[in-house]
Amino acid sequence: MTATRRAGNVSLLLLLLCLLATATGCATEQRHRPSVVVTTNILGDLTRNVVGDEAEVTVLMQPGADPHSFGVSAPQAAAMEQADLVVHNGLGLEENVLRHVEAARVSGVPTLAVGESVDPMTYSGGESAGRPDPHFWTDPVRVRKAVRLIGDRVVRHVEGVDAAAVRKNAERYGAELAGLHTSMRDAFASVPADRRRLVTNHHVFGYLADRYGFRVVGAVIPSGTTLASPSASDLDSLATAVRKAGVPAIFADSSQPDRLAQVLKRESGIDVDVVPLFSESLTPKGQGAATYLQMMRANTEAITKGLTSR
Ligand SMILES: [Zn+2]
């Protein structure tokens, strides 16, 4: 072997060692980058506001998806089991994801069921009456509580985050939520008491109704989940309720086709507007509800207008 050839081999060896070192470095960094995995995109937005740049936040549910029915991929399920914290809604919302949350919990990952810790209500009517209602995010006062809770858990469980920074983020975002509550209260005050009646796609606005003094007259899908479907007699009795309540508008989830609401309107011959709301899911950017605050402001305006326009 010539001297030049030997030198070449040494260089190659050094190069390989460098590559190995880099790869190991990367892997180590990945392992130590704190990670929070969140199920729904609404909770994802809250969590990102709290966590800021302190950790990697992975949101499983796509914009515009249905929280009752979305599923996760195998890599997403694996990410849950490697997370420092899993944040989920609970109360029966994410029906297809619960077993993965459970698997993460069993493998030692701290999990936070936000809905269960913010004074949950039960459904007052329909097929789901008496069961816990998971749609707590329609009440910004509970969401503010949720944000504080997420902040506490991040500080407690996610190693390597700056606790003071997380608390400050939670405080700042909490103040925005307090502002949202005030603006919703003021807007709804302009709706006459006898018009504060909600008919929605499924039972999704119970918390908002309770907070701001609305009565839930009924839902096109007489259940707490979008996975149920109404019978002809369900639609009949709802049409009667709508007529009796005299509401000028019924509300449909923008993430769900408003076909059923349109059927109700046509079949029963009642004269109502069908107004879309963002109730279950954030949208992609530029489509009206890319953030929780944007979603709630848009809904407040649509409900207020829908119930007072005629
Ligand atoms: Zn729902």
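The values are calculated or read from the model by the stated rules, or taken from the named source; none is laboratory data. This is a predicted model, so every value here is computed, not measured. Positions of Cβ are backbone-derived with ideal geometry, glycine not excepted, and every protein chain shown enters the neighbour counts.
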- Query: Within the stretch 220-229, how many residues turn out to be in contact with a Gly (Cβ under 9 Å, 6 or more places away or on another chain) and within 10 Å of the ligand (Cβ to nearest atom)?
  - Reply: 4
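Out of all the residues in the stretch 186-203, which are exposed (fewer than 15 other Cβ atoms within 10 Å of the Cβ) and either modelled with pLDDT of 95 or more or among the aliphatic types (A, V, I, L, M) (or both)? Give the derivation first.
If we filter the stretch 186-203 for residues that are exposed (fewer than 15 other Cβ atoms within 10 Å of the Cβ), which is where we start, we get 186, 189-190, 192-194.
Selection gives D186, A189, S190, A193.
Matching residues to (1) in contact with a strand residue (DSSP E or B) (Cβ under 9 Å, 6 or more places away or on another chain); (2) assigned by TED's automatic domain parsing to the domain that holds E95; (3) not aliphatic (A, V, I, L, M):
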| site | (1), (2), (3) |
| --- | --- |
| G206 | yes, no, yes |
| V217 | yes, no, no |
| S233 | no, no, yes |
| L238 | yes, no, no |
| I250 | yes, no, no |
- Item | Residue selected from the stretch 271-286 under the condition in a loop (DSSP other than H, G, I, E, B) and surrounded by fewer than 18 Cβ atoms within 10 Å (Cβ to Cβ), by the criterion farthest from the ligand (Cβ to nearest atom) | D271
- Query: Quick check, is R131 of a type in the set (K, R), more than 30 Å from R297 (Cα to Cα), surrounded by fewer than 17 Cβ atoms within 10 Å (Cβ to Cβ) and in the same structural domain as A175 (by TED's automatic domain parsing)?
  - Reply: no
- Message: So, in the stretch 220-252, how many residues would count as being under 23 Å from the mean Cα position of the chain (by Cα) and either at pLDDT 80 or above or among the β-branched types (V, I, T) (or both)?
- Response: 7
- Message: I want to confirm something. Restricting to the stretch 73-96 and keeping residues that are in contact with a strand residue (DSSP E or B) (Cβ under 7 Å, 6 or more places away or on another chain) and more than 17 Å from T58 (Cβ to Cβ), which single residue is farthest from the ligand (Cβ to nearest atom)?
- Response: G90
- Item | Given (1) free of Cβ contacts under 8 Å to residues at least 40 places away in the same chain; (2) charged (D, E, K, R); (3) more than 30 Å from H202 (Cβ to Cβ), index of the condition D119 fails | (3)
- Note on the stretch 161-197: residues in contact with an Asp or Glu (Cβ under 8 Å, 6 or more places away or on another chain) and more than 30 Å from E301 (Cβ to Cβ) are V161, D162, A165, V166
